[in-house]
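Reviewing the structure listed below.
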């Protein structure tokens, strides 16, 4: 599967937020990249430009490509509820994101790699599809053979402080339970989903 492999600091600076996590470059250069970076902040963007930027931010944050994002939006539009909120809930329910939220991986890109390399199980079965939609009640864990992987143990050791209400974690067995789909106010990402809905409604 194709994915973005470019400089993440540059993308984070474009959106004015460390969307990929703590970044020393972003901390020192908290302005858009390019020779007009500082002055670029003052330029007034069109309504379309603002909406497009919000969609791009969501895509990069969750590591989803254009076609995948478009398909998720169609799915959200057909579902009951507020389209923008449902879209974020579908993104949060992706297996790679759940692995990241549980603290098994330090970043979403690392989580995708763990899933793709068959280190992750869902209900005791290996699943290697990052976009797999986790359902309430599903148990996500680290494969027995992978529990000693240094990258996974390091990630878990550094993730003690932040847990999420919709997830349950058993550190001894290295398994987590997806209790329920999170409510919008529980999702910490700074994304204005209504702007994305407006963009697709044009």
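Bear in mind these aren't lab numbers, they're just calculated from the coordinates by the rules spelled out. Nothing here was measured: the structure is a model prediction, and the numbers come from that model. A quick note on method: Cβ atoms are made from the backbone with ideal geometry, for glycine too, and the neighbour counts reach across all protein chains shown.
Label separation (residue 157 vs residue 185): 3.8 nm, computed from points 7 Å beyond Cα along the C-beta direction.
Counting beta carbons within 10 Å around each of 46, 146 and listing the fewest first gives the order 46, 146.
Extension gain, residue 124-residue 67: 0.36 nm per intervening residue step, less the Cα-Cα distance, totals 17.5 nm.
Taking label points 7 Å from Cα along the Cα-to-Cβ direction, residue 202 and residue 149 give a separation of 4.0 nm.
Extending 7 Å from Cα along the Cβ direction at residue 80 and again at residue 117 yields two label points whose distance is 4.2 nm.
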